[in-house]
């Protein structure tokens, strides 16, 4: 399962912090985490940064969301994190367990421990 994490342009300077946090977290045992840039096709020289996370299973998705919530909680002003899986996009703005559960379900993860559905 390949997840792409994005932040608003106003929070773009936080990407290195997010990348290091995830790389140093337990989720890195079950994921490949890379910091990447993609040039915007409509704007010369302009690039969008994102963190790509390749997860091995559905449990790793839950671990990723817990790590994201912890990272957000470490920030003075927790930024919203845009989570993309194929055509499915969800916004993590609220770290409540109910919201995290809904995000896992929306992304096709199985919180009971099975493998997550592959991206479309």
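Go through the residues of segment 109-120 one by one and say whether even a single one is outside any loop (DSSP other than H, G, I, E, B), at pLDDT below 85, in contact with a helix residue (DSSP H, G or I) (Cβ under 7 Å, 6 or more places away or on another chain) and surrounded by 12 or more Cβ atoms within 10 Å (Cβ to Cβ). It would help to see each step written out before you state the result.
Our first condition is that a residue be outside any loop (DSSP other than H, G, I, E, B); within segment 109-120, this holds for none.
Taking every residue of segment 109-120 in turn, none turns out to be outside any loop (DSSP other than H, G, I, E, B), at pLDDT below 85, in contact with a helix residue (DSSP H, G or I) (Cβ under 7 Å, 6 or more places away or on another chain) and surrounded by 12 or more Cβ atoms within 10 Å (Cβ to Cβ).
Which numbered condition in (1) closer than 18 Å to residue 92 by Cα; (2) modelled with pLDDT under 90 is the only one that residue 76 fails?
(2)
Taking only segment 29-57 into account, find how many residues are modelled with pLDDT of 90 or more, over 16 Å from residue 18 (Cα atoms) and loosely packed, with under 13 Cβ neighbours inside 10 Å.
Qualifying residue count for the region: 1.
Taking residue 4 as meeting all but one of (1) surrounded by fewer than 12 Cβ atoms within 10 Å (Cβ to Cβ); (2) more than 13 Å from residue 67 (Cβ to Cβ); (3) modelled with pLDDT of 90 or more, write down the number of the exception.
The number of the failed condition is (1).
Those residues that are in a loop (DSSP other than H, G, I, E, B) and within 21 Å of residue 16 (Cα to Cα), I need them from segment 58-94; list them, please.
Of segment 58-94, the ones in a loop (DSSP other than H, G, I, E, B) are 74-80, 86-87, 93-94.
Within segment 58-94, 74, 75, 76, 77, 78, 79, 80, 93 meet the criteria.
Can you name the residue in segment 58-94 that is over 13 Å from the mean Cα position of the chain (by Cα) and closer than 22 Å to residue 14 by Cα and is also surrounded by the fewest Cβ atoms within 10 Å (Cβ to Cβ) among such residues?
Residues of segment 58-94 over 13 Å from the mean Cα position of the chain (by Cα): 58-59, 73-78, 87, 94.
Still in the running and closer than 22 Å to residue 14 by Cα: 73-78, 94.
Values: 73: 9, 74: 10, 75: 12, 76: 4, 77: 7, 78: 17, 94: 14.
Across segment 58-94, the extreme among qualifying residues is 76.
Give just the number: which of (1) in contact with a strand residue (DSSP E or B) (Cβ under 7 Å, 6 or more places away or on another chain); (2) modelled with pLDDT under 90; (3) over 18 Å from residue 107 (Cβ atoms) does residue 61 not satisfy?
Residue 61 satisfies every listed condition except (3).
The values are calculated or read from the model by the stated rules, or taken from the named source; none is laboratory data. Everything quoted here is computed from the prediction, not taken from an experiment. Note: ideal-geometry Cβ built from the backbone for every residue, glycine included; neighbour counts use all protein chains shown.
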